[in-house]
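Values quoted throughout were computed directly from the atomic coordinates according to the rules given, and no laboratory measurement underlies them. None of the values given here were measured: they were computed from a predicted structure. So basically every Cβ, Gly included, is an ideal-geometry build from the backbone, and we count neighbours across all protein chains shown.
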Ligand code: SF4
């Protein structure tokens, strides 16, 4: 949970800086994801690896921070990024 990116079987989540190390953004992400893929860790955004494949592709996390700060990569779809 300490890193700002993680891969499951179906998706990869990437959170870029400076958002990744921002405590407020971490709290927003932790609150917005319906399947708890994000966690507010002391160093910023944590990724809960065991929940990654529960992603429902809702796109809510993409709206936290500037465009491209959070990326959901669909590993099952030739690494296509989820569009907002
Ligand atoms: S797309 Fe939805 S379910 Fe997937 S990580 Fe983002 S907020 Fe969570």
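The set of residues in the range 54-70 that are within 10 Å of the ligand (Cβ to nearest atom) and either touching a strand residue (DSSP E or B) at 6+ places or on another chain (Cβ under 7 Å) or in a loop (DSSP other than H, G, I, E, B) (or both) comprises 55, 56, 57, 58, 59, 61, 62, 64, 70. Identify, please: which residue in the range 40-53 is in contact with a helix residue (DSSP H, G or I) (Cβ under 9 Å, 6 or more places away or on another chain) and more than 12 Å from the ligand (Cβ to nearest atom) and is, among those, nearest to residue 17 (Cα to Cα)? Out of the qualifying residues, it is 44. Could you give every pair whose Cβ atoms fall below 7 Å, whose first residue belongs to the range 25-54 and is more than 23 Å from residue 75 (Cβ to Cβ) and free of Cβ contacts under 8 Å to residues at least 40 places away in the same chain, and whose second residue is within 11 Å of the ligand (Cβ to nearest atom) and part of a loop (DSSP other than H, G, I, E, B), counting only separations of at least 6 or pairs across chains? Cβ pairs passing all conditions: 28/64. For the range 1-33, the set of residues classified as within 17 Å of residue 60 (Cβ to Cβ) and either in contact with a helix residue (DSSP H, G or I) (Cβ under 9 Å, 6 or more places away or on another chain) or surrounded by 17 or more Cβ atoms within 10 Å (Cβ to Cβ) (or both) consists of 11, 13, 14, 15, 19, 25, 26, 28, 29, 30, 32, 33, listed by residue number.
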